Amino acid sequence: MGTAQSGLTARPTGAGVLIVRNPSSGKDVIRRDPAAVIAERMPDAIVHELADDEKLDDAVAQALAAAEPPAVLGVLGGDGSVSRMAHLARRHGMPLLVLPGGTFNHFARAVGVDSVEVALDALAAGTGVSVTAAEVSADGADPVTVLNATSLGTYPQVVAEREDRMDDFGKWLGGLVATWRALRETTPVTIERNGRRARVWSVFVSVGRNAPDQVATMQRQTIDDAVLDIRIHHARGSRLRAVASLAFGRKSTAFLRALRVMPKNSDLERILVPDLELRVTPAPGAPSVYVHDGELEEAAPGGWTLRCAIVPDALEVYAPTPAPAELAG
């Protein structure tokens, strides 16, 4: 799974730990509120719930300015909140505590933290892993930390449509409506790399090598693999194949492949590199957007440049100790 870290401090009462809770994460998932468990097991931790319109950055900055600033940054939320807190942890040279509280919790699952209790066990014991991350930017903006994947093309178009409809329909129904519209309206984007141009339905850039049969590499499969795994779906097939390729579960992928609606192998391209620069041009009238770890970002209309770079040993994360086979990769 990754490189075990023995230098993390065991914090059995949560002393020196800031946990920021994002109440908007995972609202469409039914689960028990972990507040009582956190309070009981980590009575000395500082738990801060984000207010409406309060930014994670501001909550962390306020805590770090206190007379006794935290030594560990923790977050209870989904992948977007986790990746942002990872960015702040890297900026301040601090370890990260991940408490899964989102819809999919891709990164938490990748490091073996499948519940709040498992995360608190690792914090109490001082066990963890060192993880690779990526830095991603558009048009020279300050790079952000990405833990799972970055995507452009069909998937960001679906996410943008879903977010426009969430207030009326919620996340799941809004996603269904967005998918239906994508089947009728999604458009290819044009990318250019090293002088080579192509029209594509989607590009996924995964942190570390990912499952070879996946197009939508939403969840990373390795922890310390210092390479970007890029999947390009060339726009030679139908919109149906473009949307079907977004399936990221093994069972759903196998089912769609059995129905013969997944992209043909000849339409897919895989590249393994430590860094990537793409010139991206959306179709006229199409949104100029991309997604990193589930977060939608707007780019310059008419065309923009995406840059991604792998960062080995980017971050220390509290997690269960990997088994020997996992440590081997």
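When you scan the range 59-67, do you find a residue that is modelled with pLDDT under 95 and touching a strand residue (DSSP E or B) at 6+ places or on another chain (Cβ under 6 Å), even just one? Scanning the range 59-67 turns up no residue that is modelled with pLDDT under 95 and touching a strand residue (DSSP E or B) at 6+ places or on another chain (Cβ under 6 Å).
In this structure, Arg279 does not satisfy being in contact with an Asp or Glu (Cβ under 8 Å, 6 or more places away or on another chain), within 20 Å of Arg209 (Cα to Cα) and exposed (fewer than 15 other Cβ atoms within 10 Å of the Cβ). If I ask for residues that are open to solvent by 20 Å² or more (accessible area, probe 1.4 Å), more than 17 Å from Thr145 (Cα to Cα) and at pLDDT 90 or above, which ones from the range 306-325 would you list? Residue satisfying the conditions is Pro320 alone.
From the list Pro212, Pro263, the one residue that fits, being under 24 Å from the mean Cα position of the chain (by Cα) and either surrounded by fewer than 18 Cβ atoms within 10 Å (Cβ to Cβ) or on the phi > 0 side of the Ramachandran plot (or both), is Pro212. In the range 102-124, which residues are more than 20 Å from Ala36 (Cα to Cα) and open to solvent by 40 Å² or more (accessible area, probe 1.4 Å)? Selection gives Phe104, Arg109. Taken over the range 282-300, the criterion of being open to solvent by less than 60 Å² (accessible area, probe 1.4 Å) and assigned to a strand (DSSP E or B) is satisfied by Pro282, Val289, Tyr290, Val291, His292, Leu296. Summed over the range 44-63, residues that are open to solvent by 80 Å² or more (accessible area, probe 1.4 Å) and either aromatic (Phe, Trp, Tyr) or farther than 18 Å from Val98 by Cβ (or both) total 6. Within the range 29-39, if we keep just the residues that are within 21 Å of Leu56 (Cα to Cα) and not aliphatic (A, V, I, L, M), the residue that is modelled with the highest pLDDT turns out to be Pro34. Selection of first residues in the range 117-139 that are farther than 25 Å from Thr150 by Cα and modelled with pLDDT of 95 or more and of second residues that are small (Gly, Ala, Ser) and in a strand (DSSP E or B), restricted to Cβ pairs under 7 Å at least 6 apart or on distinct chains, gives the following pairs, ordered by first then second residue: Ala122/Gly128.
The values are calculated or read from the model by the stated rules, or taken from the named source; none is laboratory data. As the structure is a computational prediction, the values presented were derived from the model and not from experiment. Glycine also receives a Cβ, built like all others from the backbone with ideal geometry; neighbour counts cover every protein chain displayed. Only protein heavy atoms, including side chains, enter the accessible area calculation; ligands, DNA and RNA are left aside. Shrake-Rupley method; radii C 1.70, N 1.55, O 1.52, S 1.80 Å.
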